[in-house]
Amino acid sequence: MAGQGLLPGPAELAVFAGAVFVLNATPGVDFLLTVSRTLQGGVRAGVAAAGGIAAGCVVHALAAAFGLAALLALHPLAFQLIQWVGAAYLLWLGWGMLRQAWRGGAAAPAGVAAAAPRSLGADFRAGLLTNVLNPKVALFFLAFLPQFVPADAWSAAASFLLLGAWFVVQGLLFLLVLVAVSARLRRLQARPAVARGLQTLGGLLFVVLALRLLRERPVGV
């Protein structure tokens, strides 16, 4: 069997899958971006954002497997640089949502229609950047995945990458379910006040997440 010895036993694997689910289900940047893009642009926009987030997780898994994430933990300046860029990007997203909410919006459908022309590539890039520019995710991969690498694995790196792939696939499936649920709520945007309120709430949450990201510190700092 090709994967034999690379994955932990059934009990530990169940713990791993449960921990991944809890992480995915905890509202954060990825969760909020997926919901907001689905509400604004529909299912295709939400799926594109989810795909970008998954691609960002692939980047972090590879970085952790090849030691790049460890550099962030050992070099606070590199960590802080990515941290500031990531926070600035989240603030930019939040400001964009607040501006759209406050922009003369007498009619919510017009606001929704204005968001629709945004390309799927832009939604994918938004998901990718919000994930890649979050050094907390890099350190999470560095701290979390090694705990589940079997001590007797014939290749620790291969085991790490296999667990990373599991993490990415499970996370993507969760986000796709979130897209489906959010799409059902999209009809609420037919009411101008509700649409404006959702945009304002989303923008404020992105600002809060940006400020929270700035408070993160690398291990040992």
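The values are calculated or read from the model by the stated rules, or taken from the named source; none is laboratory data. Predicted model only: the values in this text are computed from it and were never measured. Backbone-built Cβ (ideal geometry, glycine too); neighbour counts: all protein chains shown.
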Among the residues of segment 1-34, count how many are in a helix (DSSP H, G or I) and surrounded by 15 or more Cβ atoms within 10 Å (Cβ to Cβ).
10
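Conditions (1) at pLDDT 80 or above; (2) within 22 Å of the chain's Cα centre (by Cα); (3) under 17 Å from G52 (Cβ atoms), marked per residue:
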| site | (1), (2), (3) |
| --- | --- |
| L133 | yes, yes, yes |
| A138 | no, yes, yes |
| L145 | no, yes, no |
| V149 | no, no, no |
| W154 | no, no, no |
| A158 | yes, no, no |
| L161 | yes, yes, no |
| V168 | yes, yes, yes |
| A190 | no, no, no |
Going by what's in this entry, would V181 be described as surrounded by fewer than 18 Cβ atoms within 10 Å (Cβ to Cβ) and either in a helix (DSSP H, G or I) or modelled with pLDDT under 80 (or both)?
yes
Output the qualifying pairs, or none if there are none: Cβ atoms under 8 angstrom, residues six or more apart or on different chains, first residue in segment 161-178 and in contact (Cβ under 8 Å) with a residue 60 or more places away in the chain, second residue polar (S, T, N, Q).
Q170/N24; G171/N24; F174/N24; L175/N24; L175/T34; L178/T34; L178/T38
Those residues of segment 4-27 which are under 15 Å from L145 (Cβ atoms) and modelled with pLDDT under 85 amount to L6, L7, P8, L23
Residue that is at pLDDT 85 or above, basic (K, R), farther than 25 Å from F160 by Cα and buried (at least 18 other Cβ atoms within 10 Å of the Cβ), where the choices are R37, R44
R37
What is the one condition in (1) among the hydrophobic types (A, V, I, L, M, F, W, C); (2) under 30 Å from A157 (Cβ atoms); (3) modelled with pLDDT under 85; (4) surrounded by fewer than 21 Cβ atoms within 10 Å (Cβ to Cβ) that W92 does not satisfy?
(2)
Step by step: first the residues of segment 1-48, then only those that are of a type in the set (D, E, K, R) and within 18 Å of the chain's Cα centre (by Cα), then the one that is farthest from F140 (Cα to Cα). Which residue is that?
R44
